[in-house]
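Report on the structure given below.
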Amino acid sequence: RFWLTDFPLFLQSSNSLKASYEDWLLTYGLSVSPFHMRWQTALFNRQFYNWGRWKPRFLYLWFSIGMVFGIVAMFGSVILLGKTLIQTLTQMLTEAPKAQNDRMLQVVVPGVNLPVSQLTYFFSAILISGVIHEVGHGVAAIREQVRFNGFGIFIFIVYPGAFVDLFTTHLQLISPVQQLRIFCAGVWHNFVLGVASFIVLFLLPAILFPFYYTGVGALVTEVAEDSPANGPRGLFVGDLVTNLQDCPVYSVEDWNSCLGDISEKSQVGYCVSAATLQQLSFPARVYRRLDGTVECCSNNSLTDICFSYSNKLDSHLYACLPARKVIEASKVCRANMDCQKDFAPSFCVTPSLENQTRLIRVKHPPHIDMLYVGHPMHLQYTVSLSSFVPRQNFLSIDLPVVIETFCKYLISLSGALAVINAVPCFALDGQWILNSFLEATLSSLIVEKQNRELVGFLILLAGSALLAANVALGLWMVTAR
């Protein structure tokens, strides 16, 4: 068999087939080379011309706003890339892992910092963002009386994209301001797509209200096979989580917030009466773990946990207790004084676990509470949830998640495409935006065109170096560390 990139090379190696192969590609508007394939067509030309001639005054205002936005975005992208580069260098020197999450721009590598399960969202959002970007260029060009030759789609390695073919001579004949409207239309349309996706995401509860309701908990949509929440006493698809410990859960955001608080704060305790404590506890050997925490359950039981507590005489007492019997119908506490409500003496017993490990009580009625022992973030990464609960059983629990996730990818990738294309860098929209901007603003200050081109070249060189440094260091941060 032949791979896609090998197939054209095989055909071209035969002189008898080379001519017919090239004619076939030309007929269908295809162009194939190693790591790159593209398709161009004139099928959509009439539609583009209809769009470009629709309401001329509105389009003039629309693309004039886009021109202002594109110029602002060009300067803003340089500031953003500069800030991102400083943050990356600071993180490299201080080796602070949390700094990476604070960066607005990050290099995305499928399979490394992008889950393989979400590649469909990723590539679909890239393609749609690219198509909307090029539609902006094409419609603006027709509005400015530039001949439109065709529209196409390409695949570079595995990344999809789009392009428009404009008549270069017409582009060179129009004024710099007209050129700016065309060159800025792409980033402007990406910005609009991002805003539209954000509005859909924000209004999604209202849009889906006839079919789904929200504000009652977090609905479990998937539990990974290797998840600590997987099992007969764990979570199942369709379960509705309402509480994590004493933290109420009304949505996925609450779930994440509660897990974050549980992870940052110390382990909570549970109120147990002195009589119950004496009845449930049994003698066991106490020993210290390597991290300094204490273990007192030595029977390898899956149901017993070592609890620590204090009384008036001793502040370091330990008891091996059955976890479920201790926790069920018990009040959450931080100290003994939280438990002194009745005349019977009670103690606040706290699970004695390894550092960063927590005992978490997960309520998902009408099922019995799940008791989870482990790092809270493992629970967050291996359980997928939705804030939308179907009103009818036949409705899919995955549909709101799909819409929500896709909107988030459109916001992120369309915004990133706008930022990157606005950078004054060779081969990007920013190159043509900068050149037209300099022609429109510096013609009276720098009379010689050659000098203006030199200024533009130096700026493009600096912008290209800035972008390349961000990409190179970003890749190193993602893959090498």
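The values are calculated or read from the model by the stated rules, or taken from the named source; none is laboratory data. This structure is a prediction, so every number in the text was calculated from the model and none was measured. Cβ: placed from backbone, ideal geometry, glycine included. Neighbour counts: every protein chain shown. Keep in mind that these areas ignore ligands, DNA and RNA; they rest on the heavy atoms of the full protein, side chains included. Shrake-Rupley method; radii C 1.70, N 1.55, O 1.52, S 1.80 Å.
Listing for the model above:
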| read-out | value |
| --- | --- |
| Members of region 38-62 found to be within 19 Å of ILE182 (Cα to Cα) and touching a residue at least 24 places away in the same chain (Cβ under 8 Å), listed by number | PHE44, ASN45, PHE48, TYR49, TRP51, GLY52, ARG53, PRO56, LEU59, TYR60 |
| Filter result for ALA140 (open to solvent by less than 30 Å² (accessible area, probe 1.4 Å), in contact with a Cys (Cβ under 9 Å, 6 or more places away or on another chain) and closer than 19 Å to ASN190 by Cβ) | yes |
| Residue check, ALA275 in a helix (DSSP H, G or I), more than 30 Å from the chain's Cα centre (by Cα), touching a residue at least 24 places away in the same chain (Cβ under 8 Å) and not assigned by the TED database to the domain that holds LEU379 | yes |
| Options ILE420, ILE411, ILE397; residue that is in contact with a Phe, Trp or Tyr (Cβ under 7 Å, 6 or more places away or on another chain) and not assigned by the TED database to the domain that holds VAL241 | ILE411 |
| Test for PHE388: is it open to solvent by less than 50 Å² (accessible area, probe 1.4 Å) and closer than 30 Å to PRO210 by Cβ | yes |
| Candidates GLY269, GLY238, GLY234 - the one that is touching a residue at least 60 places away in the same chain (Cβ under 8 Å) and farther than 17 Å from LEU359 by Cβ | GLY238 |
| Answer residue from region 279-303, given it is closer than 17 Å to CYS348 by Cα and touching a Leu at 6+ places or on another chain (Cβ under 9 Å) and is modelled with the highest pLDDT among those | LEU280 |
| Residue count for region 397-429, restricted to those that are in contact (Cβ under 8 Å) with a residue 60 or more places away in the chain and over 25 Å from the mean Cα position of the chain (by Cα) | 1 |
| Residue match in region 356-366 (condition: among the charged types (D, E, K, R), over 30 Å from SER117 (Cα atoms) and open to solvent by 30 Å² or more (accessible area, probe 1.4 Å)) | no |
| Unmet criterion (only one of (1) at positive phi; (2) modelled with pLDDT under 90) for GLY238 | (2) |
| 1 or more residues open to solvent by 40 Å² or more (accessible area, probe 1.4 Å) and under 30 Å from ILE207 (Cα atoms): qualifying helices (runs of 4 or more DSSP H) within region 399-481 | 399-422 |
| Top-ranked residue in region 104-114 [being more than 10 Å from the chain's Cα centre (by Cα) and exposed (fewer than 15 other Cβ atoms within 10 Å of the Cβ); ranked as modelled with the lowest pLDDT] | MET104 |
| Conditions (1) surrounded by 18 or more Cβ atoms within 10 Å (Cβ to Cβ); (2) modelled with pLDDT of 95 or more; (3) more than 25 Å from the chain's Cα centre (by Cα); (4) not in a helix (DSSP H, G or I); number of the one not met by LEU219 | (3) |
| Unique match (being of a type in the set (A, V, I, L, M, F, W, C) and touching a residue at least 40 places away in the same chain (Cβ under 8 Å)) among CYS320, CYS339, CYS258, CYS297 | CYS339 |
| Of the criteria (1) of a type in the set (Val, Ile, Thr); (2) more than 30 Å from VAL423 (Cα to Cα); (3) surrounded by fewer than 15 Cβ atoms within 10 Å (Cβ to Cβ), which one ILE199 fails | (2) |
| Filtered residues of region 172-191 (kept if farther than 14 Å from ASP429 by Cα and either free of Cβ contacts under 8 Å to residues at least 60 places away in the same chain or not aliphatic (A, V, I, L, M) (or both)) | GLN172, LEU173, ILE174, SER175, PRO176, GLN178, PHE191 |
| Residue tally, condition closer than 18 Å to HIS375 by Cα, open to solvent by less than 30 Å² (accessible area, probe 1.4 Å) and of a type in the set (Ser, Thr, Tyr), over region 222-268 | 2 |
